[in-house]
Amino acid sequence: MIKKRNVISHQQKKLAGVLVAAGLTLSQTAEISGVSVRSVKRWYKAHKPNRSKKLKSMDKLFILFDLLKGTDFTKTSARLNLSPRKILSYLQDLNQKDIKIQKCANCQNIFLAEEIQRLCPFCLVARKL
């Protein structure tokens, strides 16, 4: 007698990851994807993103730049590969006194930053390349 293993296919893993990230519980995700809760839990624990890492200063600059330009935070999160929740919590913790409007010395773009800085995020990235 061959024992049936509860293995999740690649498509089910992807679906489970999207559903859990969207806010569904593990049991709801297991029901929708057609696998056991234990399998979803095991896969999710092994592959969940590290949400404890702090935002890099460059990411903060790009978030503030997109905020100034009126870009939606979901587009910013996709572009920077950060969770929307992390971006919202960063923006929620900011005070107006912390943000300084500055002009880039290189390209003359106006940008926001938490500390006084001479170059905008785009010129900083170009400088590092």
10 Å binning of all Cα-Cα separations within the chain, expressed as whole percents from 0 upward: 11, 32, 24, 16, 12, 4, 1, 0
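How do 61-67, 79-85 rank on mean C-beta neighbours within 10 Å, highest first? Show your work: numbers first, answer last.
Details: 61-67: 20.9, 79-85: 14.0.
Descending packing order for the listed peptides: 61-67, 79-85.
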Shape call, the stretch 57-128: gyration tensor on alpha carbons, a/c limit 1.5: oblate
Estimated inter-spin distance, residue 126 and residue 21, nm [label 7 Å along Cα→Cβ]: 3.1 nm
Amide H contacts of residue 113 (H built 1.01 Å from N, under 5 Å, at least 5 apart or other chain): 100, 102
For a label point 7 Å along the Cα-to-beta-carbon line of residue 71, residues of the stretch 79-96 with backbone N under 15 Å: 79-84, 87-88
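Every number here is computed from the coordinates shown, using simple stated rules; none is lab data. The structure displayed is predicted, hence computed values, not measured ones. With ideal geometry, Cβ positions are generated from the backbone for all residues, glycine too; neighbour counts draw on all protein chains shown.
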